[in-house]
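The values are calculated or read from the model by the stated rules, or taken from the named source; none is laboratory data. Worth saying up front: this structure is predicted, and the values here are computed from it rather than measured. Cβ: placed from backbone, ideal geometry, glycine included. Neighbour counts: every protein chain shown. Just the protein is used for accessible areas: all its heavy atoms, side chains included, with ligands, DNA and RNA removed. Shrake-Rupley method; radii C 1.70, N 1.55, O 1.52, S 1.80 Å.
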Amino acid sequence: MKLTGLRHQIILALVILMPAICWSQNKLKYDKPSTVWEEALPLGNGTLGAMVYGGVTQEQIQFNEETLWTGQPHDYANKGSHQYLGEIRQLLRDGKQKEAEELAMEKFMSTPLRQKTYQPFGDLIIDFPGHTVYQNYERTLDLETATCQVTYDMEDVRFKREVFISQPSGVLVVHLSTEKAGELDFHWRLDSRHFRKSVQSDGDKMGLSVTIPDGVLRGHAIARVITDGKLNPGYDKISISGATSATIFLSAATNFKDYKTIGGNPDRWAENLVNRAVLEGYLKIKEWHLEEYQSLFKRFSIDLGSGDEAASAFTNERIRNFWKEADDPQLLALYVQYARYLLISSSRPGTQPANLQGIWNDLLNPPWDSKYTTNINIEMNYWPSELTNLSDCHEPLFKMIKDLSETGALTAREHYNCRGWVFHHNTDIWRGSAPINHSNHGIWVTGGAWFCTHLWEHYLYTRDLEFLEEYYPLMRGAALFFTDFLTEDPVSGYLISTPSNSPENGGLVAGPSMDHQIIRSLFKACVEASALLDSDQEFAGQLEAMIPKIAPNKIGKHGQLQEWMEDKDDPDNHHRHVSHLWGVHPGNDINWEDSPELMEAARQSLVFRGDEGTGWSLAWKINFWSRFLEGDRAYELVQMLLSPAEEPGRSIRGGTYPNLFDAHPPFQIDGNFGGAAGIVEMLVQSHMGYIHILPTLPSALPDGELSGVCTRGGFELSFSWESGELKEIEVLSKAGEPCTLKYGEKHVEFKTESDQVYRFNSKLKKL
């Protein structure tokens, strides 16, 4: 059993010292090069992202830099639009939805109507002349080392290619080698699909400059090669001959400083990083990379028991076989660790948050602009962060919330004549906060409120009062907006949210249930935070008085949880969004202990909505069924999520690509994160004020072991189970809070001290 504390640190040290160990259970592997982007393997350090194709005759490494976007600093607020708010509300009261949407489109939407687009940067192309006939090809992505490797034999020579992106050094590293001296010949170049580009070659280095036409951003990438072979510089490529090994170092940067400021020097920044990498050398950079990366990745482990034979297959075959047979429990463990890997790779302290595609994009016009859709998708990206011991990776979202509180304050004034701050269902690198695209789905007012629940959840998991003190003003500002915005419903007398919508279903309405669930949760969190910080009691009292006046959840004529104030849900509506169940997950507005009748209604709504959906929708439904405590039902959705996205004869819309990327389709990364969180949610839950062990264990996962999983209250757990029964559990208390464990009908309550470990057997008796 893997344990926390000193033994965990010893294991980590051994892993760093012995990076050559094969960790097959945490490895993606293939016997062919990728032919499309969805087969390529992702690398990243939060700033740089890359997709490695693994070709033999030609290697393509497509790369991104997180701040390369279209557009420029811009205020999207529509000045004075609040003067039409009353008229829009009245039209909705009068049942004139179409007229309300038309007026909103004309007078209330952002300027311009659409936000901006995340861009690809360029490609590192490596050509290997004569490498056409080869054997024993293997392409892998090792999650333990964040390294992509390609190996193959050509005649009697073994060729090896190793690619990683170092966070400490800020560079992409490509190390090429052969087991036979002097047999490595290749040439390499940089290119980009941007029209405004230039390439400069000088000795052992090559630079690539790109300028985004729609905006002011400019990017510069530079690469240098170090080799024991002969260097042959050229105008548009650099050739190497007679080498045994060679290493290419690449970095990229833009002139972006922050959402208000352009003026950085990408040329100098990228060149400094590459020059420093050359001085340090491949071995030192790899050592630093492993030490830093594994300090995050090795905090958590998951083993789901049997299935070694299935796990020995290539990853694309495992996905195909799992859809048909579902007899590969270790594929679920791999999927969870892959999501953690993707989060580490796309969201680090000081970087931008993970967007709709994390940090990876190869299109000038990517789906949904590859920006930040905030009515489920970006929040879902961070569901595994606290749970799977990657709290650090949550930080970029918190910094974005700070930015949005600034732009959102202007939107609150101009669009609603309200204090506080608000933003809607999308944002971009320029932190747009006004409603975009169309009034029938763009006017959704609880994006900021939902984001603030992430601040509260971070506190619940860490018990970090200094963090809460720093971010409470943002929570307060979001709540302040709703103290002005909520208005009395003339029919029910309750306070309702209007105008808004239930994403992205049903058009512009008054009083969607999701809004009320989120607003109630935000108000309650502010009240609790005020008490913890011993401040702002007057405002907390105002919120406490408003909470019971907010429109409550209601059960409709079909036994369903109503999505709107009116009882108008269609049981045959199979829309991918199930927004009105937010209070079940990720919220806690509805639960089995406090409101079992509402849980039954929510379950009925989910049954009506159906199983099929996009990748992220399937992922959310896994979490719902986990909260409903139906493990086998949740597992069925896991099987659907992990089905091959492009398999002939499939009827399921979502699924998984050969490289384990989530398919909306096309690719969206949220399903990876939401699905991983849902799998762990089957094994441990803590939203009810106690830690529930194996609350919804599916019969397909009778044996397993989980280590380093985190719960609310500031606890880190390691436990194992066999034949469906808990064996033992270890609890590390990080904050010294009282702890309650529940397993089946058993429970135990005990006091803890910070940094102390507590062990229990299967009967929750202390060891």
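Check the stretch 324-342 and report whether any residue there is more than 23 Å from Gly674 (Cβ to Cβ), modelled with pLDDT of 95 or more and buried (at least 23 other Cβ atoms within 10 Å of the Cβ).
Taking the stretch 324-342 as the starting set, the residues that turn out to be more than 23 Å from Gly674 (Cβ to Cβ) are 324-325, 327.
Of the ones still in play, those that are also modelled with pLDDT of 95 or more are none.
Among the residues of the stretch 324-342, not one is more than 23 Å from Gly674 (Cβ to Cβ), modelled with pLDDT of 95 or more and buried (at least 23 other Cβ atoms within 10 Å of the Cβ), which makes the answer no.
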Original post:
Would you pick out the residues in the stretch 276-294 that are open to solvent by less than 50 Å² (accessible area, probe 1.4 Å) and either without any contact (Cβ under 8 Å) to a residue 60 or more places away in the chain or of a type in the set (Ser, Thr, Tyr) (or both)?
Top reply: Val278, Gly281, Tyr282, Tyr293
Original post:
So which pairs qualify, if the first residue must be in the stretch 105-123 and crowded, with 24+ Cβ neighbours inside 10 Å, the second must be of a type in the set (Phe, Trp, Tyr) and modelled with pLDDT of 95 or more, the Cβ gap must be under 7 Å, and the two must be at least 6 apart or on different chains?
Top reply: Phe108/Tyr84; Ser110/Tyr76; Tyr118/Trp69; Gln119/Trp69; Phe121/Phe63; Gly122/Phe63
Original post:
Within the stretch 402-413, can one find any residue that is surrounded by fewer than 22 Cβ atoms within 10 Å (Cβ to Cβ) and without any contact (Cβ under 8 Å) to a residue 40 or more places away in the chain?
Top reply: yes
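Out of Gln97, Gln83, report the one residue that is in contact with a strand residue (DSSP E or B) (Cβ under 9 Å, 6 or more places away or on another chain), at pLDDT 95 or above and surrounded by fewer than 19 Cβ atoms within 10 Å (Cβ to Cβ).
On the way: Gln83 fails: in contact with a strand residue (DSSP E or B) (Cβ under 9 Å, 6 or more places away or on another chain).
Being in contact with a strand residue (DSSP E or B) (Cβ under 9 Å, 6 or more places away or on another chain), at pLDDT 95 or above and surrounded by fewer than 19 Cβ atoms within 10 Å (Cβ to Cβ) holds for just one of Gln97, Gln83, which is Gln97.
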Original post:
What are the residues in the stretch 419-444 that are over 26 Å from the mean Cα position of the chain (by Cα) and open to solvent by less than 10 Å² (accessible area, probe 1.4 Å), if any?
Top reply: Ser439
Original post:
Filtering the stretch 734-767 down to residues that are at pLDDT 95 or above, surrounded by fewer than 13 Cβ atoms within 10 Å (Cβ to Cβ) and touching an Asp or Glu at 6+ places or on another chain (Cβ under 8 Å), which residue is nearest to Ala333 (Cα to Cα)?
Top reply: Asn761
Subject >> Evaluation of Ser34 against (1) hydroxyl-bearing (Ser, Thr, Tyr); (2) open to solvent by 30 Å² or more (accessible area, probe 1.4 Å); (3) not in a helix (DSSP H, G or I) (one fails), failing number >> reply: (2)
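Would you mind listing the helices (runs of 4 or more DSSP H) fully within the stretch 587-665 where at least 3 residues are within 20 Å of the chain's Cα centre (by Cα) and at pLDDT 95 or above? Steps first, answer last, please.
Working: elements: 596-609, 615-627, 631-641.
The qualifying helices (runs of 4 or more DSSP H) are 615-627, 631-641.
If you scan the stretch 50-65, which residues turn out to be touching a residue at least 24 places away in the same chain (Cβ under 8 Å) and either open to solvent by 20 Å² or more (accessible area, probe 1.4 Å) or closer than 25 Å to Tyr137 by Cβ (or both)?
Filtering the stretch 50-65 down to residues touching a residue at least 24 places away in the same chain (Cβ under 8 Å) leaves 50-52, 54, 56-65.
Ala50, Met51, Val52, Gly54, Val56, Thr57, Gln58, Glu59, Gln60, Ile61, Gln62, Phe63 - these are the residues of the stretch 50-65 that are touching a residue at least 24 places away in the same chain (Cβ under 8 Å) and either open to solvent by 20 Å² or more (accessible area, probe 1.4 Å) or closer than 25 Å to Tyr137 by Cβ (or both).
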Subject >> Residues being open to solvent by 10 Å² or more (accessible area, probe 1.4 Å) and among the aliphatic types (A, V, I, L, M) - total across the stretch 604-633 >> reply: 2
Original post:
Out of the stretch 734-745, which residues are part of a loop (DSSP other than H, G, I, E, B) and farther than 15 Å from Asn761 by Cα?
Top reply: Lys734, Ala735, Gly736, Glu737, Pro738
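So how many residues does the stretch 148-161 have that are within 19 Å of Gly49 (Cβ to Cβ) and open to solvent by less than 10 Å² (accessible area, probe 1.4 Å)? Please lay out each step first, then the result.
Taking the stretch 148-161 and keeping what is within 19 Å of Gly49 (Cβ to Cβ), we get 148-150, 161.
With open to solvent by less than 10 Å² (accessible area, probe 1.4 Å) added as a condition, the list becomes 148, 150, 161.
Result for the stretch 148-161: 3.
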Original post:
Glu406 is checked against (1) out of contact with any Gly (no Cβ under 9 Å at 6 or more places or on another chain); (2) within 17 Å of Lys371 (Cα to Cα) and fails just one. What number does that condition carry?
Top reply: (2)
Subject >> Filtered residues of the stretch 350-361 (kept if open to solvent by 10 Å² or more (accessible area, probe 1.4 Å) and closer than 12 Å to Leu68 by Cα) >> reply: Gln352
Subject >> Qualifying positions in the stretch 678-733 - part of a loop (DSSP other than H, G, I, E, B) and crowded, with 20+ Cβ neighbours inside 10 Å >> reply: Met682, Leu683, Ser686, Leu694, Pro695, Thr696, Leu697, Pro698, Leu701, Arg712, Gly713, Gly714
